[in-house]
Amino acid sequence: VTSDCRYVEDNYTTKEDAKRAMDVFCHRLAKYIGSYSALMEGRLDAVVFTGGIGENAAMVRELSLKKLALLGFDVDHERNLAARFGKSGYINKEGTRPALVIPTNEELVIAQDAARLTA
């Protein structure tokens, strides 16, 4: 399809290839989170979404966390939609396992690392 998650999200309900791409992506993400939770013997404090897709793709967060309901996740749809484009916050319903969106500034971290290495 494309590596642009915005296209996939925008065409999820109208294009079969976009739906398949989103469903596979979210399935794999949930599978990895579930697998690591098992390795940590269920001691999972929260899930934090960050980076380009994690910060901006509300659909990815919602579909992935729905697959993790067994672990206690339940997404608050409105909070999830509000936590995009540089806004951070909890996206879970009250009383459920925490899920957060935390924006990053990857360019700043790279610049700081480069400055430290060249100093």
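Laboratory data are not the source of any read-out in this text; all were calculated from the coordinates shown. Keep in mind that what you see is a predicted model, and the values were worked out from it rather than measured. All Cβ positions, glycine included, derive from the backbone under ideal geometry; neighbour counts span all protein chains shown.
Name the residues in region 83-101 that are aromatic (Phe, Trp, Tyr) and part of a loop (DSSP other than H, G, I, E, B), would you?
Initially, region 83-101 is screened for residues aromatic (Phe, Trp, Tyr), giving 85, 90.
Residue satisfying the conditions is PHE85 alone.
Just the residues that are without any contact (Cβ under 8 Å) to a residue 12 or more places away in the chain and farther than 16 Å from LYS93 by Cβ, please, taken from region 43-76.
ARG43
Does SER88 count as among the polar types (S, T, N, Q), in contact with a His (Cβ under 9 Å, 6 or more places away or on another chain), closer than 27 Å to ASP4 by Cβ and surrounded by 13 or more Cβ atoms within 10 Å (Cβ to Cβ)?
Values: among the polar types (S, T, N, Q): yes; in contact with a His (Cβ under 9 Å, 6 or more places away or on another chain): no; closer than 27 Å to ASP4 by Cβ: yes; surrounded by 13 or more Cβ atoms within 10 Å (Cβ to Cβ): yes.
Criteria not met by SER88.
Output the qualifying pairs, or none if there are none: Cβ atoms under 8 angstrom, residues six or more apart or on different chains, first residue in region 1-21 and of a type in the set (Ser, Thr, Tyr), second residue part of a loop (DSSP other than H, G, I, E, B).
Final answer for the pair search is TYR7/VAL1.
One line per residue, one yes/no per condition, for (1) of a type in the set (Gly, Ala, Ser); (2) farther than 23 Å from TYR12 by Cβ; (3) part of a loop (DSSP other than H, G, I, E, B):
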{"residue": "SER35", "(1), (2), (3)": "yes, yes, no"}
{"residue": "ARG43", "(1), (2), (3)": "no, yes, yes"}
{"residue": "VAL60", "(1), (2), (3)": "no, no, no"}
{"residue": "LEU65", "(1), (2), (3)": "no, no, no"}
{"residue": "GLU78", "(1), (2), (3)": "no, no, no"}
{"residue": "LEU81", "(1), (2), (3)": "no, no, no"}
{"residue": "PRO103", "(1), (2), (3)": "no, yes, yes"}
{"residue": "VAL109", "(1), (2), (3)": "no, yes, no"}
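Could you pull out the residue among ARG20, ARG6 that is over 21 Å from LEU81 (Cα atoms), surrounded by 11 or more Cβ atoms within 10 Å (Cβ to Cβ) and not β-branched (Val, Ile, Thr)?
On the way: ARG6 fails: over 21 Å from LEU81 (Cα atoms).
Step by step, each of ARG20, ARG6 is checked, and only ARG20 is over 21 Å from LEU81 (Cα atoms), surrounded by 11 or more Cβ atoms within 10 Å (Cβ to Cβ) and not β-branched (Val, Ile, Thr).
Being part of a loop (DSSP other than H, G, I, E, B) and of a type in the set (A, V, I, L, M) is the filter; apply it to region 45-58 and report the residue that is surrounded by the fewest Cβ atoms within 10 Å (Cβ to Cβ).
Of region 45-58, the ones part of a loop (DSSP other than H, G, I, E, B) are 45-46, 50, 57.
With of a type in the set (A, V, I, L, M) added as a condition, the list becomes 46, 57.
On the way: ALA46: 11, ALA57: 22.
Applying the filter and picking the extreme gives ALA46.
Just wondering, is there one or more residues in region 77-87 that are of a type in the set (D, E, K, R), over 22 Å from VAL24 (Cα atoms) and in contact with a Phe, Trp or Tyr (Cβ under 6 Å, 6 or more places away or on another chain)?
So far as region 77-87 goes, no, none of its residues is of a type in the set (D, E, K, R), over 22 Å from VAL24 (Cα atoms) and in contact with a Phe, Trp or Tyr (Cβ under 6 Å, 6 or more places away or on another chain).
Would you tally the residues in region 67-76 being assigned to a loop (DSSP other than H, G, I, E, B) and either within 22 Å of ASN105 (Cα to Cα) or of a type in the set (Gly, Ala, Ser) (or both)? Talk me through it step by step, then tell me what you get.
Taking region 67-76 and keeping what is assigned to a loop (DSSP other than H, G, I, E, B), we get 67-68, 72-74, 76.
The next check asks that each one be either within 22 Å of ASN105 (Cα to Cα) or of a type in the set (Gly, Ala, Ser) (or both); those that pass are 72.
Adding up the residues that qualify gives 1.
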